[in-house]
Amino acid sequence: MLKMSGPHALVSLRGVGKTYPAGVTALRGVDLDIRAGEFLTLLGPSGCGKSTILRLIAGLDRVSAGELIRRFEDVGAAIGFVFQEPTLMPWGSVFDNVFLPLRLRGMTRRSAAPAVDEALALVGLAGFHKAYPRELSGGMRMRVSIARALVLRPRLLLMDEPFAALDEIARFQLNDDLLRLKDETGATVVFVTHSIYESAYLSTRVAVMASGPGRIVTEITNDAPREGSRDSAAFAALCQQVSEALRQAMKE
Amino acid sequence: MTSVMRKPEWLRRALPPALVLIATLSLWEASVRLYAIPPYVLPSPTLVLTTLAADRAILLPALAVTLGTTLEALALAVIGGVALAVLFSQSKWVERAFLPVAIVLQVTPIIAIAPLLLIYLDARAAVLVCAFLVAFFPILSNTALGLASVDRNLSDLFALYRASGWRTLLLLRAPAALPYFLGGLRIGGGLALVGAIAAELAAGAAGKGAGLAFRIIEAGYRLNIPRMFAALALISLAGIAIFASLAALSARLLGRWHESALER
């Protein structure tokens, strides 16, 4: 039975809780709608259950309480996942790594080649097919990882602090590229970060979380996303608003 | 002045061990001649070499037998070790049930099992089983470790894309386990030779006309010390050849991706 949750919610979480067998309560009473086409950021301190929400949405873990409703058919192609680390297979070339999701769907190398080329071009790595992960920089590996997540054209792209380990220059570049990718592919993005600036820069909506147990404290909608640059007054104001919300969340 | 002409890579690698080898052999040869040590106490390297050449009709077939047994045992250990490791990775129950058996076989010195095997089996088969037993465990334990050491995120990714267990094994676990397997193979290769020699020694006269270790015992009875040294040299060379070829295999398979195969 579908519950009322806005016209275009792709995924709805209703009173979701997650308790691990060891007895740790990672999440309690989480209500969240993920709307088609949005760029939602989950922002919060370490250990507030941000990554747990992503894993639940991806179906990698099961909820222990409440319910999680997905309103799209998931046949193993609807969701792309980008981990904190690039998580590439070191024994495979760039092509092999991006080809993997297609290969697992039974495609041959030949028939998959156009899709792989396109995904690599999208992340600015055209012509790097034959390189091996160890030959690439951290930023380039992350691009390969993103290309892999996009190669099946997923409805929903889940990203778990993908740029946390990168230097600021690479991170800014990838932030901009991610926004472009989102526009080009039309994917809905759920992005986990603990950077206030990143959340303010990327999102159309920020869900601020607190820990002990993990929960969503407040949501901030960015009405005028990315109209200005990182220097604009609107961006500064949003950063301040998010920062204040986070401070409140930590106090609770 | 620093030399502008740099020596080629292989020469820089091969030169130090070659120098040590030549120095040792020269010292040995010189000592034997200087102190007039009789050959039945310590033969000179040149005498060992000439004995090797003179007795080749006896020693080379023996080498072929020992090496054949070793390689056969190693091949069986690879098949058995990998198959059991895959089984372990698929079922915790199988692992709990069979790992102790494998450990008992491993910690019991092979030289102590050999006499028993020689009663049950004919000499050739007993030697083969001994060599198999010692080579088997490192391959099993390393491969099992490798199959269990898969990156968690990658395993999640395979789950996300609904990969079957079989495909996950083939595309993820097997390549992840490869460096571990190759490490086990290198140890197993050396041990297979040790196992074969130890079993041949235990077989003694029962292994008549068989491998190199038998020729060593036989030469020992006749106090033919130079031939003992010649046989020993052949065993060493066989061990080096096994190690070198497995190292080359490893470098070839891991070449572009694994840290261990990096040029430093």
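The values are calculated or read from the model by the stated rules, or taken from the named source; none is laboratory data. Quantities reported herein were computed from a predicted structural model and do not represent experimental measurements. Every residue, glycine as well, gets a Cβ built from its backbone with ideal geometry; the counts of neighbours run over all protein chains shown. Note: accessible area is taken over every heavy atom of the protein model, side chains too, but ligands, DNA and RNA are not part of it. Shrake-Rupley method; radii C 1.70, N 1.55, O 1.52, S 1.80 Å.
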Query raised in the report: Taking the Cα centre of chain B as the origin, how large is its charge dipole in debye, to the nearest 20, when only Lys and Arg (+1) and Asp and Glu (-1) carry charge on their Cβ atoms?
Result: 460 debye
Query raised in the report: Counting Lys and Arg as +1 and Asp and Glu as -1, what is the net charge of the other residues whose Cβ lies under 10 Å from the Cβ of B:F88?
Result: +1
Query raised in the report: How far, in degrees from 0 to 90, does helix B:225-254 lean away from the longest principal axis of the Cα atoms of chain B, to the nearest 10?
Result: 30 degrees
Requested in this report: Working from Cα positions, state the angle (0 to 90°, nearest 10) between the long axis of helix B:56-90 and the longest principal axis of chain B.
Outcome: 20 degrees
Query raised in the report: What does the accessible area per residue of the range A:192-249 come to in Å², with a 1.4 Å probe and no ligands, DNA or RNA counted?
Result: 45 Å²
Report task. Report the charge-dipole magnitude of the protein assembly as shown in Debye, nearest 20, computed about the Cα centre from +1 at each Lys and Arg Cβ and -1 at each Asp and Glu Cβ. Result -> 900 debye
Query raised in the report: Hey, if you put +1 on the Cβ of every Lys and Arg and -1 on every Asp and Glu Cβ in the range A:126-233, which of A:H194, A:T204, A:H129 ends up farthest toward the positive end of that dipole?
Result: A:H129
Query raised in the report: Comparing A:R105, A:R141, A:R28, which has the greatest mean-square fluctuation in the GNM of chain A with Cα pairs linked when under 10 Å apart?
Result: A:R105
Query raised in the report: Helix B:212-221 versus the longest principal axis of chain B: what is the Cα-based angle in degrees, 0 to 90, to the nearest 10?
Result: 30 degrees
Query raised in the report: Add -39500 (n - 2.57) for each DSSP H run of 4 or more in the protein assembly as shown, then divide by its residues: what number comes out at 222 nm, to the nearest 500 deg cm²/dmol?
Result: -19500 deg cm²/dmol
Query raised in the report: With chain B treated as a Gaussian network of Cα nodes joined by springs under 10 Å, which of B:L11, B:L249, B:L27 yields the largest mean-square fluctuation?
Result: B:L11
Query raised in the report: Just for the protein assembly as shown, what percent of DSSP beta bridges are antiparallel, to the closest 5?
Result: 50 percent
Report task. May I ask what percent, to the nearest 5, of DSSP beta bridges between residues of chain A are antiparallel? Result -> 50 percent
Report task. Could you order A:R110, A:R171, A:R155, A:R205 by accessible surface area, starting with the largest, using a probe radius of 1.4 Å? Result -> A:R110, A:R155, A:R171, A:R205
Query raised in the report: Just B:R167, B:R124, B:R186 to compare: in a GNM of chain B, with alpha carbon springs under 10 Å, which one fluctuates most?
Result: B:R167
**Report entry** Neighbourhood charge, 11 Å Cβ-Cβ cut-off, centred on B:L171 and excluding it, Lys, Arg +1 and Asp, Glu -1
**Finding:** +2
Query - Low-density loop cleavage sites - chymotrypsin sites (Phe, Trp or Tyr not before Pro) in the range B:20-83, where at most 14 other Cβ are within 10 Å (DSSP) - result: B:Y35, B:Y40
Report summary line: Charge dipole of the range B:152-264 built from unit charges on the beta carbon (Lys, Arg +1; Asp, Glu -1), centred at mean Cα; most positive-end Cα among B:V194, B:N224, B:L160 is B:L160
